[in-house]
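This report concerns only the one structure given below.
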Amino acid sequence: MTPLVAGVAIACGPGGRGGATVKPGPDLPLADRPTELPAVPARIETTTIAPDDGHTPAARSAVLDVMVAENQRWMATLGKLPDPAYYLAYQIVEQRIVALDAEGGALIGDSDETDRILDVELRVGAPELDNTRSLSDDPNGFNEPLPRRAVVPFGTDGPAIANHLWLETDRRYREAVQALTYVRQDQRTLGRKTGVPDFAAGKREVYIGKPATLAFDKAAWEGRLKRCSGRALRGAATRGSCGVVFVLNTAWFVNSEGTELQLSWTTAQLSISVGVKADDGQGLSRLEQAFAQTPDGLPDDVAVDKLIDTVTRDLDALHKAPLAEPYVGPAILEGRAAGVFFHEVFGHRIEGHRQKDDTSGQTFSSYVGRDIMPSWLSVFDDPTLATLNGQPLNGFYRFDDEGVRARRVDLVKDGKLVDFLMSRNPIGASPASNGHGRKQPGLDPVARQGNLVVAAARSVERADLEKLLLEEVKRQGRPYGMVFTDISGGFTNTSAFAPQAFKVNPVLAYRLYPDGRRELVRGIDISGTPLVALQSIRAASREVETFNGMCGAESGWVPVSASAPSLLVEKLEIERSFIPPDRPPVLGPPSLEKGGPR
Amino acid sequence: MSRSAHHRLRPRPARHLGLLAAAALLALSSPAAAKKAAPLAPPSQAVTEAIVDAIAEEMDRALAQLELPGAPRPYHISYKVTEVVVNDAVASLGHATSKKHRHFVNLECRVRVKIDGLDSGNFVVAGAEAIDGVAGTSLPLEATPRIARRAAWQVTDQAYKEALIQLRNKLDARTASGAGKSAPPSWTEVKGMVGEEEVRVPRLESLEDIVGRAERVSAELRGVPGLRDSRVALTSFLERRWYLTSDGTSITDTRRVSGVMLVVHGQAADGQELAQYFTRYGQTAADLPTDAELSREARNLAATIDALGRAPLIGRYAGPVLFEGEGAAGIVRYTLAPHLGGTPLPEGLRPQEAKLFGGALADKLGLRVMTPFLSIVDDPTTATSHGKAIIGGYRIDDEGVSGQRVEVVKDGVLRSLLTTRTPASPTDTSNGHARRTAKGGAFHGTATNLFVTARGGLPPAALKKRLLAEVRAAGLPHGIIIRRFDDAAVTAASEMSRRELLQMLSNADQSLPPPALLAYRVTPDGKEERVRGAQLGEVPIKAWRDVIAAGKTPTVFNFLASTDGYLEHKLGGVDDGFVPSSGIESSVTTPDLLFKELDLRPSTTGLRARPAVPPPGGR
């Protein structure tokens, strides 16, 4: 469910005085030994959906009218007050979440819940300086808005919905005015001030999507999940779980710039998970997930069986695998692992607001226009991509959570850093949003990734990548190289109070010996620093794979994807992961002792 | 599956036990249910005899084999399986804001270990409060013995390891403090009980019915001037429990509750936040008010908010206070009930937490603790009080012990406390009041259906006259009547900013009862004036010695006693769902109570600017 995890250190800081003139960083020692690669790009074939495709004005809900009217009613007054509000946005998200979970052949969870959540964003002051400006000394964020999961009645009843909009707007205005007094006082005491504003204006957008419907055969899914989880509990596994989450989302957004959006879509997610505790106490698990737009788009039973085979086979192998030793040397990150690696090591550091926060390491702030990775690599994020190489992408959306149209952003072009992922919180280098302000309902948006794509202008066949790895092993005099085929997530620290390091958690890591032998190992993390890691990439494969998942950061969980070719990295550092001081159960499993079914 | 392995520990039920269960059901059924037999909820599909057998087999195996080298083996293991089915809904202004059906099954295991008579329980491990010898997990919604047994294996293992750590820390702490191993025993033995016939209860009200009712009643509050926010919540839930212990207990019980809650919020002329509520709980919806009665209550609440908005803030006061109706139930609930438990404080509890823990009567057995005309009984075995259904009853407490009627105070003298299997002295035994858990893993003696009775109770007019006599005697300009306390688990709908929340957190005195929501000044001529912001000062247990009069007519009040404190609710606010079904089912039956002297002070909590924009619709 949560394969991608951003560093929580991100969420701990004040700041907001960034964006001043940034001195260029030192040149990076790129490709001192360039690898000759064929000028054949890695295969990327995509389909896109334009944000306003399917605009259906006739499907407009009366909920939007209520929101527009209440927004205008408030702004008509608030704009004239001594502490004027200059921006007011409402977002109502109605979510029906159906979750079915089975464990070991039996249904263990069955919920079907619908909520309507209201978020109000209200800005007081002026775009140049408003209530959201971080205080210089507010490490606990006392001056930040308090997200509150305000509720709104179901249906389209105007007076009922309007009353709840009014309640939360009143609270937010009171809170914003109070916060602005602290901001102004703070600014008066500061010697160093920034000219970068707090908010970027946006253009009016109107889009009405048809209401989606969620259709599924509950009894059939219960049967499938029971069967799935029963089959998954085999081999070394002491836990075998299968679950689905079906979500019907309808989001209405209006703001004081005149934007009116109605978006409705469904998502479906299947998870197959197995786990066991190794004899030394390490928790071992394998998770495979599939995402689709509708329940019918999820894998059929044949495909599910293959996924079960994969996770149980991997788990059995992991259970027998030895603990790895610390290592520095060449490695291959296979497609999905490379995607997660880029998401963690690069993607979170390219989120615009982190370049502004004084407590953030601002790893890439000083490298705009300069080489940060090999010239044959480019990276972009494009939420309008629906599929890549035929696979649906999880990070698709039409408009972000600030009412801004989603669009492709070239982040790295031919090795040079060119742009950042931007919400409506501007920075010096990027004064406007590029449609990446995202959040889960109930939280405030920040710049987030959507569909991150690593594009290689030069590539080799996958088999040749291993040959290059073994050549590198030989050149570096290492006993073996590493191959990572799956990474479960990781942690990237962007706080200036700690080293700008990352740590990602490989699930499947192999030693590849010069004789071609592969040996699975466990108990390791990949660590390093982003600038060094990116400039160590030596080659890419022709095939591109996609990792679909959910990403968590300070604005909550959002769906994302990361696509990348397999990458050969000249040097990666591997360290022993933390293994909790636990031990397996004192007694063996009950049914094993009896020889009965497990 | 062979049952022979656990026959020794878990005797099979005798034939008459089915009759016992039926009798228990009858005894605990409500008056409304007795009038018209409601359709029964279907038996559990999740927890069957095979499930209990599977857990019993794992218990037997753990008792026989579970042992880490050099460490003591478990000497007591208990399991509680809880199946909960809930329908609840919330509506505001005629439309639902939340509707939920939930169904889940949990398995909880408790393991105790001991060395030289000192056992692991009721001890808080410093810096690791979650280590308490208790472990839990989920069970499937359909009976699957294979999974139940595996789950029992895993939670028993975890609870055992935790119990060992807890015991080690307890020994170290006692060594460091010089207390050594000599102490009252930490655990009392009880004779195992068997009663495996499922207790059947009436079927839950359907989610559709609940939603419809919440919407209908909440529509009464549309367009009411002076109301900022309002909501109506209904719940219907049942909780099936199975207890299995290594001392031979294998017994089941079921609780069933329906409830309704109306909450309104407003704002006074000076900006102070106002809240009022109305709650009723019973064993089924038949015990609740009708739609027409609820509509009337909704309108009453709206009128009360309107009146409160114009009411003056109370001034400082020290003098006689009369608690009437829900106010009397409230003063019992908040200032007396927490002290009736006979379970010793958890060792290792921080002093500031210990202060808020209750238990002020622990060393006063045999002494006069209340005014001589007051007596207290706690009785979980009854289902009615003065003809009304009450919800605090049960057959078996959370340690698998039969609930017993306990005479707590007789004519002002403390006779007994509400006890669990964690004794305060070597002679203590459980009287079946284990309901509330606390840090350290032990269950603590908790009130269930609490009955306060008074000899020589006065009619309402005479009681008020007595109040005024006291006022005159003290030379005061007025007395105070309190008719309702706040219940943050019901009213918390935080409209606060982050800074306002922090301010409240730093200013709050958690030793005080909650603010009074309905308070009146009453002048010597008998006129009443509504006041707001009434905050009682500390009400020490000895204040109960100075109850100078009581009423004749009892108030019967059901409630769910939240395990969180007032401040925690205020900080958390009402999250999505606003589920009115969490908390310990409880009731208080009490006459009105007149205290000789209590302190009151004005509370300006929730003072804020009035809205810059009027509510929609020009209200």
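The values are calculated or read from the model by the stated rules, or taken from the named source; none is laboratory data. Just so we're clear, the structure is a prediction, and the values are computed from it rather than from any experiment. In this analysis, Cβ positions are derived from the backbone assuming ideal geometry, glycine residues included, and neighbour counts consider all displayed protein chains. Side chains included, ligands, DNA and RNA excluded: accessible areas come from the protein's heavy atoms. Shrake-Rupley method; radii C 1.70, N 1.55, O 1.52, S 1.80 Å.
For residue A:577, list long-range residues whose amide hydrogen, built 1.01 Å from N in the peptide plane, is under 5 Å from its own amide hydrogen.
A:524, A:525
Kindly provide the Kirkwood hydrodynamic radius of chain A in Å, to one decimal, from all pairs of distinct alpha carbon atoms.
Taking every pair of different Cα atoms in chain A, averaging 1/r and inverting gives 25.6 Å.
State to the nearest 20 debye the size of the charge dipole of the protein assembly as shown about its Cα centre, where the only charges are +1 on K and R beta carbons and -1 on D and E beta carbons.
Values: 145 positive and 146 negative charges, 453 e Å.
Here the protein assembly as shown has a charge dipole of around 2180 debye.
Could you work out what % of the accessible surface of region A:323-576 is carbon and sulfur, using a 1.4 angstrom probe and leaving DNA, RNA and ligands out of the count?
Roughly 52 percent of what the probe reaches on region A:323-576 is carbon or sulfur.
Which value in nm describes the separation of the simple spin-label points at residue A:39 and residue B:563, placed 7 Å from the Cα toward the beta carbon?
7.0
Within straight cross-link reach of residue A:467, meaning Cα distance under 19 Å, which aspartates and glutamates are found once same-chain residues fewer than 8 apart are removed?
A:36, A:334, A:515, A:519, A:543, A:570
Within region A:234-273, list the residues whose amide N lies under 15 Å from a label point set 7 Å along Cα→Cβ of residue A:293.
It comes to A:247-249, A:263-269, nothing else.
What's the FRET efficiency of residue A:386 with residue A:471 using the Cβ-Cβ distance as r and R₀ = 41 Å, to the nearest 0.05?
0.60
Taking the dipole about the Cα centre of the protein assembly as shown, with the C-beta of Lys and Arg at +1 and of Asp and Glu at -1, give me whichever of A:263, A:72, A:586 is farthest to the positive side.
A:586
Using only Cα positions of the protein assembly as shown, each an equal point scatterer, no hydration layer, compute I(q)/I(0) via Debye at q = 0.04 Å⁻¹ and quote the log10 values to two decimals.
Log10 of I(q)/I(0), two decimals: -0.25.
Quick check: residue separation of residue A:188 and residue A:234 times 0.36 nm, minus the Cα distance between them. What number comes out in nm?
Numbers: separation 46, 0.36 × 46 = 16.56 nm, distance 6.61 nm.
Stretched fully, the residue A:188-residue A:234 segment lengthens by 10.0 nm.
Report, by chain and number, residues whose modeled amide H sits under 5 Å from the one on residue A:284, excluding near sequence neighbours (fewer than 5 apart, same chain).
Result for residue A:284 returns A:276, A:277, A:278.
Between their Cα atoms, which of B:355/B:596; A:277/B:355; B:80/B:355; A:226/A:320 are more than 32 Å away from each other?
The answer is A:277/B:355.
With a point put 7 Å past each Cα toward its Cβ, work out how far residue B:530 is from residue B:75 in nm, to one decimal.
6.0
What are the lysines whose alpha-carbon lies under 25 Å from the alpha-carbon of residue A:474, with same-chain residues fewer than 8 places away excluded?
In chain and number order, the partners are A:571.
Give the accessible surface of chain A per residue, rounded to a whole number of Å², with probe radius 1.4 Å and ligands, DNA and RNA excluded.
Normalised by residue count, the accessible surface of chain A is 37 Å².
Note the angle between two axes, namely the Cα long axis of helix A:301-320 and the longest principal axis of the Cα atoms of chain A, as a number of degrees from 0 to 90, rounded to the nearest 10.
That works out to roughly 60 degrees.
Points 7 angstrom from Cα along the Cβ direction at residue A:47 and residue B:510: gap in nanometres?
Placing both labels 7 Å beyond Cα along the Cβ direction yields 5.7 nm.
With +1 on each Lys and Arg Cβ and -1 on each Asp and Glu Cβ, how big is the dipole of region A:57-320 about its Cα centre, in debye rounded to the nearest 20?
Using Cβ point charges on Lys, Arg, Asp and Glu, region A:57-320 gives about 320 debye.
Of A:211, B:141, B:251, which is farthest along the charge dipole of the protein assembly as shown in the positive direction, counting Lys and Arg as +1 and Asp and Glu as -1 at C-beta?
About the Cα centre, the residue reaching furthest to the positive side is B:251.
How much length, in nm to one decimal, is gained on full extension between residue B:355 and residue B:367, taken as 0.36 nm per residue of separation minus their Cα-Cα distance?
Using 0.36 nm per residue and subtracting the Cα-Cα distance, I get 2.1 nm.
To the nearest 100 Å², how much accessible surface do chains A and B cover up together, summed over both, with a 1.4 Å probe?
The A and B chains share an interface burying roughly 5200 Å².
Please give every one of the lysines within straight-line cross-link reach of residue B:388, meaning a C-alpha to C-alpha distance under 22 Å, and leave out same-chain neighbours fewer than 8 residues apart.
B:35, B:36, B:552
Report the paramagnetic label zone for residue B:465: residues of region B:580-613 whose backbone N is under 19 Å from a point 7 Å from Cα along the Cα-to-Cβ axis.
The answer is B:592-595, whose backbone nitrogens lie closer than 19 Å to the label point.
Enumerate the helices in chain B for which the Kyte-Doolittle hydropathy averages 0.0 or more and the C-alpha atoms extend at least 20 Å along the helix's axis, using complete DSSP H runs. Mind dumping the intermediate values first?
On the way: long enough: B:49-65 (24 Å, 0.14); B:145-177 (46 Å, -0.72); B:291-310 (29 Å, -0.40); B:460-474 (21 Å, 0.18).
Span-like helices, by this rule, are B:49-65, B:460-474.
If you project the alpha carbons of region A:323-576 onto the principal axes, what extent comes out on each, in Å, largest first?
The principal-axis extents, from largest down, are 56, 42, 34 Å.
In nm, what is the difference between 0.36 nm times the number of residues separating residue B:538 and residue B:473 and their Cα-Cα distance? Spell out each step's value before the answer.
Numbers: separation 65, 0.36 × 65 = 23.40 nm, distance 2.35 nm.
Contour length minus the Cα-Cα distance gives 21.1 nm.
Helix A:218-232: angle to the longest alpha-carbon principal axis of chain A, degrees 0 to 90, nearest 10?
40
If R₀ is 56 angstrom, what is the calculated FRET efficiency for the pair residue A:81 and residue A:310, using the beta carbon separation as r and rounding to 0.05? Working shown, then result.
Working: r = 61 Å, r/R0 = 1.09.
Taking R0 as 56 Å, the efficiency between residue A:81 and residue A:310 is 0.40.
For region A:57-320, max minus min Cα coordinate along each principal axis, in Å, sorted largest first?
69, 51, 27
Treating only the Cβ of Lys, Arg, Asp and Glu as charged (+1, +1, -1, -1), what charge dipole size does chain B show about its Cα centre? Round to the nearest 20 debye. Please report the intermediate quantities before stating the final value.
Numbers: 77 positive and 69 negative charges, 166 e Å.
Dipole size: approximately 800 debye.
So what is the accessible area of region B:31-133 per residue, in Å², with the probe set to 1.4 Å?
Per-residue accessible area for region B:31-133 comes out at 36 Å².
Would you mind getting the accessible area per residue of region B:374-499, heavy atoms of the protein chains only, 1.4 Å probe, in Å²?
Values: 4100 Å² over 126 residues.
Value for region B:374-499: 33 Å² per residue.
So, R0 is 51 Å and r is the distance between the beta-carbons of residue B:115 and residue A:214; what FRET efficiency does that work out to, to 0.05?
0.35
Expressed as an acute angle from 0 to 90° and rounded to the nearest 10, what is the orientation of the C-alpha long axis of helix A:62-78 relative to the principal long axis of chain A?
In chain A, helix A:62-78 runs at an angle near 60 degrees to the longest axis.
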